[in-house]
Amino acid sequence: MKHRKETNLNKYMNRKNFKAVASFEDSTGLKCVDLIQTEENFFTFKTFRKDPEDPNGWFPYGYEGQLYSTKEEALEAAKKVIEWFS
């Protein structure tokens, strides 16, 4: 699996520089995985959660992937590390 290893993903994860290209919720609807494309056309994944009592929406938590060359590589990497997402 080819990927570009970055030690600081923050510059790629600035909201102005990426878009979610797919989002997958768990069966409870309280956790999700987003596949993200950067403006440089790399892909990664990030996990989010929401609390039913909090109306503010989704919050980042847990896993965040490296940068991958394709959406499919990012998806497979996410499936390997997130228990409910296989």
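Given K31, K2, which one is at pLDDT 95 or above and among the basic types (K, R)? Answer to the check: K31. Looking at V81 and the list (1) at pLDDT below 95; (2) more than 11 Å from the chain's Cα centre (by Cα), which single condition is not satisfied? Checking V81 against (1) at pLDDT below 95; (2) more than 11 Å from the chain's Cα centre (by Cα), the one that fails is (1).
Could you check segment 27-42 and list, in sequence order, the residues that are surrounded by 15 or more Cβ atoms within 10 Å (Cβ to Cβ) and under 27 Å from P55 (Cα atoms)? Within segment 27-42, K31, C32, V33, D34, L35, I36, Q37 qualify. Considering segment 34-51, and only residues there that are of a type in the set (A, V, I, L, M, F, W, C) and under 16 Å from T70 (Cα atoms), the residue that is nearest to the chain's Cα centre (by Cα) turns out to be F45. Condition test on G65, is it modelled with pLDDT under 95 and buried (at least 19 other Cβ atoms within 10 Å of the Cβ)? Criteria met by G65.
The values are calculated or read from the model by the stated rules, or taken from the named source; none is laboratory data. Because the structure is predicted, anything quoted here is derived from the model rather than measured. FYI the Cβ positions are ideal-geometry reconstructions off the backbone, even for glycines, and counts take in every protein chain you see.
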